[in-house]
Structure formats: structure tokens, C-alpha cells
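**Student:** One structure coming up, written as C-alpha cells, with questions to follow.
The values are calculated or read from the model by the stated rules, or taken from the named source; none is laboratory data. Owing to the predicted nature of the structure, the values given are computational and were not obtained by experimental measurement. Note: ideal-geometry Cβ built from the backbone for every residue, glycine included; neighbour counts use all protein chains shown.
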Amino acid sequence: MAENNCEGNLTPPPPPAVSLCVSTSPQARAKRKFAALMEEVENLKQDKMIKQRKTTYYVSQGRALRRMAALYTPIEDLVAENDRHCEDLDGEHTIEQDRLQRGYIELSKVLPWFHAKLASLEFEESEDLLKKLKRGADAARGDDTGTLKELVALWVNIECRPSSLIRTDDKHHRGFANDACGRLLCPAEWRWEDPVVKAGIRDRTTAFIVSENSWPSFMYENYEADAKNLEHGLFKSRLLVMGFKAIFTSPSSANEVDGDGDGADIIENNQRARRRSDHARVKTCVASIIGMRKVTPRAIAYAACQIRFALSNITSWRTVDADFDYQIFWNNIVDFFEDPPGPAALARVNKLLEWWTRKVFGRNHRQDLMPDVIIHMSVNSLAAQRQQMEDTAFDSD
């Protein structure tokens, strides 16, 4: 409707608004909306799949944590100790703090991506990462416990031939109540066959306290220790090697233990190699997944704790079993290898680790072909000799 302006004249009405839309069919618009929604759904699916893949990867990588770096120590404690070491480079550190720091360094070797990844994440993201790694770590320990519960019973039945066979599905009748298990768990400084020792251990008297301060007999070659040289044969137990292989290579490989390298076992080794090559490999072993090429002290300590638990009558993982502390036991093994008292002990430790690597992974040493080794081999030596002859001929001309 027209309005009067200030001069009394009628103002014409405003022109109608011009529509900018171009008419389309309802069907076409609906199709385009549907396509946009489908694209959004696909993007959400992709995001979910990426998150699932990351979760699966981190959980899988976490399976190496307990086996290779720390038996019980929370991963947060390892990270916190590394931060403390960085902030206090010149300060004094306790033995426990140094143990934690060595654990963090070992973790960084086992998971080479971990240190840089952790530094790039925000606090909430790093917490989520550590949570996934712990989930994998605890799952791996549970899997190994279940596997060795049956295998150790079978091995002890074969090795010790007890009058009453150990049941593979039952742990209540193991431990010191069982003669075969008791002999293997008995501290190296005592003889299980001595009735006084056996009764004292079973009655838990103060004269026969079984703790982590004694090496169990199952840790020794032929399950016997030399009281005058307690290092002799230690960590050379067949049961310990079999348990290690069951965890890190495969349960089926546990009975295939290579010889000691004196040359007398070459025929048997070749026969084993042919038998292995005749069987298709259907599952990647733990050692391959985590990139293990050599046996490490912490892996030996982990296997020893698992074997000790399998021989005992406790049914669920715990830090302390009666008077025996698994965490300190694990520390004792790691300290034996990682903190020897001098050069001679270090040489013996290195020789023992070489023995272990040969037992578990055979005699392939390609990973040891470092530049300082290769340079002394005949191909390089010949190249150097030829070059020297060329230089001599050039100088004579």
C-alpha cells in the first residue's frame, strides 16, 4: 500500500524481491542430499577404521612391554623417571631409579618409535597411548601364563618322570607339595632329596625360607648347582630355554634346542633344519613381530618368572608368593646381566648371551656383520690389495 511522504505525495510501493533460486526437481535435490550424507558416513567410517587400526597396532606393540622391558613396573613410572633423569643430569640416582631408567632405555630399543611419538602427543593423547600399550602388555602375560601352564607340566612329566603325573589343567597340586616341582623350585644351596630340607620347606620353618634371594634349581644346567661355583651352569637350564622358545618363537619349537657349538651336533642340526623347512609357517612368531634377533637379559628374566609361576601352585599372577617376591627376583636376574662387577664378569655374561642366542635362533649371524667386521673379510681385503698394487705400479711409472 502507498504511503504519504513528508511533502504529502504518495510513495510508490517497493518492487518485489527477485528470487535467486533456479528451480530443480525434488527428486534431484533428494539424491544430492543422500549422496552428501553417504559421503559423511564414509568419512566417519574411515575415521573409525583409522582409530581401530591405531588401537590394534598399539595394543600389539604393547605385548613386548612385559616380555622385554619391565615385569610389573607401570609404563608411566618409566616415562616419569626418564623425565626426571633429563631434568637432573648431574644429580645422584638411587639403584631403583637407575633400574627404572635402564627400563625406559630398553623400552625405547624394543619400540624404536615410542620416544619420538610420546614427545609429539598432547597429554590426553599420550595417556591413551600408554593405556593401549598396557592393555597389550597384560594380555600377553596372560597368554604366556596359559600356554606354559600346560607345557611346563608336560615337560616336567617327561624330564623328571614323577610317580604321579602332573595334570596340565590343574595347578593346585604343584609347588612344594609335588616332588617333581619341589625339586625344581628348591633353592640351589639345598638338596631337595634331603628329608630335613624337604620337610623344612614344606612346613615353612625359619631355617628354610624360600625367597627371591636364592636361585631356584630349575635355573641350572641339569637342575643342579655347584656350591663352590654358583655361576657355573646358571641360566643354562633346558627347561628355561624351552620356556623361552615357547614364548618367543613358538611352542612347537621348544623341543628343537640347538647344541652347544662343539661341532659334534652338526648332523642333528642339519636334520632339524630340514624338518623345519618341510613344514609351512602359518603364524609369525613373537620374536619376529617385535623384531627380536638376539636374546636379551630382560627376556630371560621374564621367561624365568613365567616358568617359576608355572611350577608353583598359585593360580593367578601376584607380586609376592608366600616369601618369594617376583619383582625382586626379576631384578636379580636383570642385574646379573646388566650390572656385572667387572670386565671378566662382563665377558662371561656376553658369552652366556651368545650361548642363549645360538640356542634360540640357531647359528645365523648376519645381524653381526657390522662394517668393522666386514672390512677384515677377504672381499674387502682383496680390494685393498689390488688398490695397493695399482698404486705401486703407478708410482713405479
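**Student:** Restricting the first residue to the range 218-233 and requiring it to be in a loop (DSSP other than H, G, I, E, B), which pairs with a second residue that is crowded, with 17+ Cβ neighbours inside 10 Å meet a Cβ separation below 6 Å and a spacing of at least six or different chains?
**Tutor:** As it stands, the answer is Ala225/Ala188; Gly233/Tyr220, since those pairs meet every condition given.
**Student:** Read through the list (1) touching a residue at least 40 places away in the same chain (Cβ under 8 Å); (2) surrounded by 19 or more Cβ atoms within 10 Å (Cβ to Cβ); (3) of a type in the set (A, V, I, L, M), then give the number of the only condition that Ala139 fails.
**Tutor:** Among (1) touching a residue at least 40 places away in the same chain (Cβ under 8 Å); (2) surrounded by 19 or more Cβ atoms within 10 Å (Cβ to Cβ); (3) of a type in the set (A, V, I, L, M), Ala139 violates only (2).
**Student:** Further question on the same structure: So in the range 78-108, with the set limited to residues that are among the charged types (D, E, K, R) and exposed (fewer than 15 other Cβ atoms within 10 Å of the Cβ), which one is nearest to Glu127 (Cα to Cα)?
**Tutor:** Once the filter is applied, the top-ranked residue is Asp83.
**Student:** I would also like to ask the following. Which of the residues that make up the range 344-397 are surrounded by 11 or more Cβ atoms within 10 Å (Cβ to Cβ), at pLDDT below 75 and either within 23 Å of Ala254 (Cβ to Cβ) or in contact with a strand residue (DSSP E or B) (Cβ under 6 Å, 6 or more places away or on another chain) (or both)?
**Tutor:** Answer for the range 344-397, where residues must be surrounded by 11 or more Cβ atoms within 10 Å (Cβ to Cβ), at pLDDT below 75 and either within 23 Å of Ala254 (Cβ to Cβ) or in contact with a strand residue (DSSP E or B) (Cβ under 6 Å, 6 or more places away or on another chain) (or both): Arg363, His365.
**Student:** Which residue pairs have Cβ atoms under 7 Å apart, sit 6 or more places apart or on different chains, and have a first residue in the range 110-133 that is in a helix (DSSP H, G or I) and a second that is among the acidic types (Asp, Glu)?
**Tutor:** Matching pairs, first to second residue: Leu130/Glu76.
**Student:** Quick test of your reading of the structure: Trp192 fulfils all but one of (1) part of a loop (DSSP other than H, G, I, E, B); (2) more than 29 Å from the chain's Cα centre (by Cα); (3) surrounded by fewer than 18 Cβ atoms within 10 Å (Cβ to Cβ). Name the failing condition by number.
**Tutor:** (3)
**Student:** Follow-up question, since we're still on this one. For Ala310, only one of the following conditions fails: (1) within 20 Å of Val210 (Cα to Cα); (2) touching a Leu at 6+ places or on another chain (Cβ under 6 Å); (3) not in a helix (DSSP H, G or I). What is its number?
**Tutor:** Only one criterion is unmet by Ala310, namely (3).
Table: residues versus (1) modelled with pLDDT under 95; (2) out of contact with any helix residue (DSSP H, G or I) (no Cβ under 6 Å at 6 or more places or on another chain).
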{"site": "Thr168", "(1), (2)": "yes, no"}
{"site": "Lys171", "(1), (2)": "yes, yes"}
{"site": "Leu184", "(1), (2)": "no, no"}
{"site": "Lys198", "(1), (2)": "no, yes"}
{"site": "Ile201", "(1), (2)": "no, no"}
{"site": "Ser217", "(1), (2)": "no, no"}
{"site": "Tyr220", "(1), (2)": "no, yes"}
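**Student:** Determine whether the range 239-260 contains at least one residue that is farther than 25 Å from Glu150 by Cβ and in contact (Cβ under 8 Å) with a residue 12 or more places away in the chain.
**Tutor:** yes
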